[in-house]
Amino acid sequence: MTIGRGLLAVLFVGSGVWHFLHTGTYVATMPAYLPSHTLLVQISGLAEILGGVGLLVSQTRRAAAWGIIALLVAVWPANINMAIHHAQFSGMPVWALWARVPLQVPLIWWAWVYTRER
């Protein structure tokens with residue numbers, strides 16, 4: 001359980017940092033109907049970092065896991081947008097863009113594992 005939690009934490013902290021290092025890439029994934037793309041990317045990056053760190057602290061673990069689940073649901077439209085508008089993302093194979101959509105489900109489950117009391 002500890003190794004899995006650590007891996008999930010590293011995944012989210014790393015992804016969150018990536019939001020700040022490559023903001024433009026994430027902005028490009030945003031659906032047009034959402035406002036303030038850069039701000040939303042930065043907020044989601046910060047949320048990923050805080051969620052990942054929160055998983056490592058026993059007092060915040062459950063809240064962090066629920067936060068990660070909420071974040072994964074919230075960013076699902078961006079993954080769907082990427083898959084639908086795959087021509088804009090020629091650097092990634094179309095199959096990989098579509099694979100990201102259902103990948104949210106096991107990530108949600110993985111975070112959900114840490115919402116339960118020991």
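Readers should treat all values here as calculations from the given coordinates under stated rules, not as data from a laboratory. Quick caveat, the model's predicted, so the values are computed rather than measured. Don't worry about glycine lacking a Cβ; one is built from the backbone with ideal geometry, like all the others, and counts go over all protein chains shown.
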What is the magnitude of the charge dipole of the chain about its Cα centre, with +1 placed on the Cβ of each Lys and Arg, -1 on the Cβ of each Asp and Glu, and no other charges, expressed in debye to the nearest 20? 300 debye
Please list, in chain and number order, the residues 5+ apart from residue 60 or on another chain whose amide H is under 5 Å from its amide H, with Hs placed from the backbone. none
Can you tell me the length gained on complete extension of the stretch residue 34 to residue 94, counting 0.36 nm per residue apart and subtracting the Cα distance? 19.3 nm
Label assignment, Rg and Dmax of the Cα atoms in Å derived from the structure, set [x] 20.5, 65; [y] 13.7, 42; [z] 14.5, 46: [z]
